[in-house]
Amino acid sequence: MTATFAAPSRQEWPFKRARLAILGVPLVAALLLAGCGQDQAAAPKNAGLPRPEVSVVTLHPRSVAITSELSGRTTASLTAEVRPQVGGIIKSRLYEEGGEVSAGDALYQIDPASYQATYDSAVAALEKSEAAVPSAAAKVERYQGLVKQNAVSKQDYDDAVATLAQAKADVASAKASVATARINLDYTRIVAPIGGRIDKSSLTPGALVTAGQTTLLTTIRTLDPINVDVTESSTNLLNWRQAVDAGRIKATGPDVSIKLKLDNGTTYPLTGKLAFVESNVSETTGTFALRAQFPNPKRLLLPGMYVRAIIEQGIAENSFVVPQRAVTRNTKGEAVATIVTAEGKVEQRVLTVGNNVGNNWLVSAGVKDGDRVIVEGIQMVRPGQDVTAVEVTIDENTGQVRDRKQGSLSTPDPVRLADRDADPNAGVVGK
């Protein structure tokens, strides 16, 4: 069977040619679009897009004061519990409750009538004893001449000497009785053993008191100066001593400066000094006690207040500090910071962090002089990306980013703030 091909007739040809033309237009358009898509795919994805801006702080080595913040409570430098030393009826209270007293000020008056009588009796007994001494002494003097002439026996002379000695002993005993009576009489007037602020009275006039009773009359506390007792772990002490021995920290010497942070977050305006360090470590807690002493002229500090003592341990020379807001943790739990290299690329570094210095971390490894660490915009970039670094400064008191040129606070990074709201521990290192 032979196939045949029928050529279009002269009348059909124009219609065939029109159909081919109509079908060719979409084909050409599709080919052109495909070519454009290949060109766009071949073009760089970031072509024409601006580099993201990040805020950076340039790191330089400096001397850093190493401090330790320890919790503790205030205690009075002197405390006296006032009790009666003789018994009797309280006639009057001689001080103002809650006021200031000085050592020796009268506080209470106990009825002294019976003690005055005892004292007067002791004085009379002393006078009687003293009156017997001259007669006994004269008799001994006479017998001394007579015994040489054998006019008086030796026994009589010895008896006269013994009588004189007895008279003198009676005088001494009477003097002691007078002194005891005087002391008891003086004890009826109760005075302040120390100076300071005095508490309210536990007993009122008319109450009966006894010597050595357990009930306190009142308490006096010396508030200027005032002590602050804190505790420190033995581990921190070992770390500090090893750092000093290795030369990483320069000790400040015996005169250690101590500042105080109050319970409401404010800083006490006066500086204290280290009074003593306990010489043994507790076997149960592994801590040892320290005591600092602060001047307290305005009585702002009262015993029992919760405070935090900031103790200056030494100086770390040629050290780096990195803002806390620039430090996060990776999936391994390591402290990391994001650095902008000299070529303008993002690089992530693992840091070795130590103590916190204000709103910064003391970093012993991971950074070098001139590194630019990102403090804002960390969430908007990734390692290896090209960025534009904008130099800023950090407010040391608040930790906020501050524009170096204008000195105004910059707008916080919304992404980083959102992360912190979702996770309160985000960006916190060393806890």
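The values are calculated or read from the model by the stated rules, or taken from the named source; none is laboratory data. Being a predicted model, the structure only gives us computed values, none of them experimental. All Cβ positions, even for glycine, are placed from backbone atoms using ideal geometry, and neighbour counts span all protein chains on display.
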- Message: If I filter segment 256-307 down to residues being among the small types (Gly, Ala, Ser) and closer than 30 Å to THR398 by Cβ, which single residue comes out as surrounded by the most Cβ atoms within 10 Å (Cβ to Cβ)?
- Response: ALA292
- Note on the structure: Within segment 349-361, residues over 19 Å from the mean Cα position of the chain (by Cα) and at pLDDT below 85 come out as THR352, VAL353
- Query: Which of the residues that make up segment 298-356 are in a loop (DSSP other than H, G, I, E, B) and of a type in the set (Asp, Glu)?
  - Reply: GLU334, GLU343
- Message: Looking at segment 87-106, can you tell me whether even one residue there is assigned to a helix (DSSP H, G or I) and on the phi < 0 side of the Ramachandran plot?
- Response: no
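Table: residues versus (1) touching a residue at least 24 places away in the same chain (Cβ under 8 Å); (2) in contact with a helix residue (DSSP H, G or I) (Cβ under 7 Å, 6 or more places away or on another chain); (3) within 24 Å of LEU70 (Cβ to Cβ).
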site: GLU283; (1), (2), (3): no, no, yes
site: PHE288; (1), (2), (3): yes, yes, yes
site: GLY304; (1), (2), (3): yes, no, yes
site: GLU334; (1), (2), (3): no, no, no
- Query: Among the residues of segment 108-128, which ones are aliphatic (A, V, I, L, M) and assigned to a helix (DSSP H, G or I)?
  - Reply: ALA113, ALA117, ALA122, VAL123, ALA124, ALA125, LEU126
- Message: SER102 - would you say it is modelled with pLDDT of 90 or more and among the polar types (S, T, N, Q)?
- Response: yes
- Message: Of everything in segment 369-381, what is loosely packed, with under 12 Cβ neighbours inside 10 Å and on the phi < 0 side of the Ramachandran plot? Give them in sequence order.
- Response: ASP369
- Note on the structure: Considering only strands (runs of 3 or more DSSP E) wholly within segment 129-247, the ones with at least 1 residues that are among the polar types (S, T, N, Q) are 218-233
- Message: Under 8 Å between Cβ atoms, which residue pairs at least 6 apart in sequence (or on different chains) link something in segment 136-158 that is in contact (Cβ under 8 Å) with a residue 12 or more places away in the chain with a partner that is outside any helix (DSSP H, G or I)?
- Response: TYR143/VAL152
- Working carefully through the options ALA337, ALA342, find the one that is surrounded by fewer than 21 Cβ atoms within 10 Å (Cβ to Cβ) and among the small types (Gly, Ala, Ser). ALA342
